[in-house]
Amino acid sequence: MRFVVHEHHTTRLHYDFRLEIAGVLKSWAIPKGPSMNPADKRLAVRVDDHPLEYGEFEGIIPQGHYGAGPVLIWDSGEFQPEGDPESALKKGRLSFTLKGKKLKGGFALILMKGRGSGKDWLLIKGQDSFAKKDWEVKEELTPAKKKKLTERVPPCETS
């Protein structure tokens, strides 16, 4: 199975973290982006599932459309869940390993209880040989990359 992280420049910069589960990309918006530092507990807000094809999308969502702004692939690679991922999501704790260009090793998504909507999770890096205490997310969108992105609406346009 695969994962993808989109750097999404909309009203506010955030990172869309997506895991291939049950034929779709289960998705979370992470305002501060993922971290390789196990001390960082990053808020991950559950958003709508996306079709698998969306994992390849890079471009500009036009003004007037949901999520308008530039989107680029920040990282992608292989996702290996521990156990059944659908069952783990229902229980509120999904542990997994990522094999990406930037994100590597063990991670967990943990549902925050008592936060109302049930959409607030934490993305936490596990303690392993890939962990980095002084790691920071670095934006990839430069003016040159922005010019190369094509103007189109992604396959999962939401109104």
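Applying the set (1) over 20 Å from ARG42 (Cβ atoms); (2) assigned to a strand (DSSP E or B); (3) of a type outside the set (S, T, N, Q) to GLY83 leaves exactly one unmet item: (2). Note on region 13-38: among residues that are among the hydroxyl-bearing types (Ser, Thr, Tyr) and touching a residue at least 40 places away in the same chain (Cβ under 8 Å), the one that is nearest to ILE124 (Cα to Cα) is SER35. Considering region 1-48, the residues that are at pLDDT below 95 and of a type in the set (S, T, N, Q) include one that is nearest to ILE73 (Cα to Cα), namely THR10.
Only one entry in LYS104, LYS113, LYS90 is of a type in the set (D, E, K, R) and either on the phi > 0 side of the Ramachandran plot or modelled with pLDDT of 95 or more (or both), namely LYS104. Name the single residue, out of those in region 50-85 being modelled with pLDDT of 95 or more and of a type in the set (Asp, Glu), that is nearest to the chain's Cα centre (by Cα). The selected residue is ASP75.
Restricting attention to region 50-71, does a residue exist that is buried (at least 16 other Cβ atoms within 10 Å of the Cβ), touching a strand residue (DSSP E or B) at 6+ places or on another chain (Cβ under 8 Å), closer than 20 Å to TRP135 by Cα and in contact (Cβ under 8 Å) with a residue 24 or more places away in the chain? Looking for residues that are buried (at least 16 other Cβ atoms within 10 Å of the Cβ), touching a strand residue (DSSP E or B) at 6+ places or on another chain (Cβ under 8 Å), closer than 20 Å to TRP135 by Cα and in contact (Cβ under 8 Å) with a residue 24 or more places away in the chain, one finds none in region 50-71, hence no.
Working only within region 92-135, note down all residues that are farther than 20 Å from VAL45 by Cβ, within 18 Å of the chain's Cα centre (by Cα) and of a type in the set (D, E, K, R). The answer is LYS99, LYS101, LYS102, LYS104. When LEU89 is evaluated against the numbered criteria (1) of a type outside the set (Gly, Ala, Ser); (2) part of a helix (DSSP H, G or I); (3) farther than 19 Å from VAL45 by Cα; (4) within 17 Å of the chain's Cα centre (by Cα), which criterion, by number, is the only one it fails? Every condition holds for LEU89 apart from (3). How many residues are more than 26 Å from LYS125 (Cα to Cα) and of a type in the set (Val, Ile, Thr) if we restrict to region 42-64? Selection size over region 42-64: 2.
The values are calculated or read from the model by the stated rules, or taken from the named source; none is laboratory data. Small disclaimer: the values here were computed from a predicted structure and weren't measured. As a convention, Cβ positions derive from the backbone with ideal geometry for all residues, glycine included, and neighbour counts pool all protein chains shown.
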